[in-house]
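Taken together, the values in this text are just the output of simple stated rules run on the coordinates, not laboratory data. Values in this document were obtained by computation on a predicted structure and should not be read as measured data. A quick note on method: Cβ atoms are made from the backbone with ideal geometry, for glycine too, and the neighbour counts reach across all protein chains shown.
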Amino acid sequence: MITLKHSVNIVVPRIVSIQTHMNVKLQNFIEFLHQNKMITIHDLLRDDEIGLVNRLKLQKYVYLAQTSLKNNFGYEYNIYNNGPYSPELANYYYEKMDLQATSLDLNKTEWTFDNDFSQRFLELFKDKDVNWLEVATTLIDSTNYCENEQESLDKVYAIKSKYNSSFIDSTLDELKEKSLVHYESGSGIKLNGLFSVF
């Protein structure tokens with residue numbers, strides 16, 4: 001018979017607790033997006049273009065919150081056809097998100113949001129369409145593997161060829177103007193955002 005002096009059960013509840021906390025935080029963010037008419041929660045799982053657009057927007061908003069405003073929901077992203085995409089986030093809204101509970105929560109007014117984060121997020125992204133979100137997040141993602149602005153633009157021109165170069169250029173200019181990306185003396189793009197906890 002083997003006797004363990006230390007229990008490993010302590011680690012598992014902590015991991016579950018952290019994951020549950022992330023989902024609660026994400027749920028609040030999704031409700032925030034819905035309240036501000038940036039997505040429609042009830043359309044997320046529709047099997048048509050309206051559902052697709054809502055899912056794309058949610059993917060991009062979570063990415064932007066994590067990268068540009070340093071609000072980590074714990075989701076990893078990879079580049080896919082429509083820009084940065086998180087399979088784990090998709091798994092959450094397809095399999096774990098409780099739309100009925102969300103409907104009930106939408107009627108509550110007791111949520112507390114980080115006002116600095118909320119105002120900055122709305123200021124930066126509220127009026128952006130899905131095309132802008134796709135190009136902007138792809139440009140931001142390119143900062144992970146491109147050495148300079150021109151290399152970043154060349155990559156994005158190639159992988160986002162459905163958009164004309166002037167649209168991509170103006171999106172990058174807007175990102176730089178809003179200090180979401182900037183270039184340091186030719187050394188490459190650096191992310192620059194606000195630290196916030198939602």
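The simple Förster model, with R0 at 35 Å and r as the Cβ-Cβ distance, assigns LYS70 and LYS162 a FRET efficiency of 0.70. Sorted fewest first by neighbouring Cβ atoms within 10 angstrom, ILE50, ILE39, ILE79, ILE140 come out as ILE50, ILE79, ILE39, ILE140.
Net length available on complete extension from VAL130 to THR40 is 31.0 nm, with 0.36 nm assigned per residue and the Cα-Cα distance removed. Annotation for ASP154 and ASN28: the two label points, set 7 Å from Cα along the Cα-Cβ direction, are 4.4 nm apart.
Which entries of LYS57/LYS160; LYS37/LYS162; LYS128/LYS176; LYS70/LYS155; LYS37/LYS70 have Cα-Cα distances beyond 19 Å here? Violating the 19 Å limit, Cα to Cα: LYS37/LYS162; LYS70/LYS155; LYS37/LYS70.
Using a Förster radius of 22 Å, what is the FRET efficiency between GLN119 and VAL53 based on their Cβ-Cβ separation? Nearest 0.05, please. E(calc), rounded to 0.05, equals 0.30. Ordering TYR61, TYR93 from the fewest to the most neighbouring beta carbons within 10 Å gives TYR93, TYR61.
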